[in-house]
Amino acid sequence: MKAIETKLKGCFILDPTVFKDPRGYFFESFNQNKFSELIGQEIKFVQDNESFSSKGVLRGLHFQSGDYAQAKLVRVVKGTVLDVVVDMRKESSTFSKHFSIELSEENKRQLFVPRGFAHGFIVLSETAIFSYKCDNFYDKASEKGLRYDDPLLGIDWRLPAKEFIISEKDLVLPTLSNIDL
């Protein structure tokens with residue numbers, strides 16, 4: 001496995017070593033020792049989550065604040081998504097900047113999203129199974145979010161807006177200029 005740091009400090013793309021033969025493939029999707037060595041910090045994951053979504057489903061941009069902030073290690077088990085992160089760390093030189101990457105069952109890439117980042121994705125394939133590890137437990141009172149279509153971010157979600165399927169909760173999230181951090 002190798003790690004590639006993105007333009008957002010502390011956010012890494014993880015490329016696994018995949019072994020293929022006539023039977024199929026094998027890869028190590030997580031190894032605590034290798035992971036810690038690659039990203040240069042010790043992260044203890046405490047919760048795994050998985051979602052199933054159809055094409056056009058846009059989930060995000062979500063994060064938790066304060067004592068319940070979460071780092072995430074995300075990947076796609078089935079299908080293809082465009083995964084997007086936004087640096088919400090006020091003290092960061094990349095505050096309010098975003099990064100996007102296609103994650104798929106084919107490329108088997110993972111993205112490490114540090115604490116202090118908003119995260120979301122849109123399904124590009126007919127369906128997708130999205131899996132992620134969190135280093136802190138979910139806490140509804142600490143839940144925050146950011147509008148997916150914030151003009152200050154200018155995120156290209158790669159699908160026409162008329163194809164988006166978005167929850168009512170995500171449609172009323174604040175923009176960057178209106179969010180309470």
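Here are a few things to note about the model shown:
- Sub-6 Å Cβ pairs linking a first residue in region 111-128 that is farther than 22 Å from PHE164 by Cβ to a second residue that is assigned to a strand (DSSP E or B) and among the hydrophobic types (A, V, I, L, M, F, W, C), at least 6 apart or interchain, are PHE112/PHE12; PHE112/LEU73, ordered by first then second residue.
- Condition check for GLY120: within 14 Å of the chain's Cα centre (by Cα), at positive phi and surrounded by 13 or more Cβ atoms within 10 Å (Cβ to Cβ): no
- Reported count of residues in region 76-103, each being surrounded by 18 or more Cβ atoms within 10 Å (Cβ to Cβ), under 14 Å from the mean Cα position of the chain (by Cα) and without any contact (Cβ under 8 Å) to a residue 40 or more places away in the chain, is 2.
Only the coordinates and a few stated rules stand behind these numbers; no lab work does. Worth saying up front: this structure is predicted, and the values here are computed from it rather than measured. No Cβ is skipped: glycine too gets one built from the backbone with ideal geometry, and neighbour counts run over all protein chains shown.
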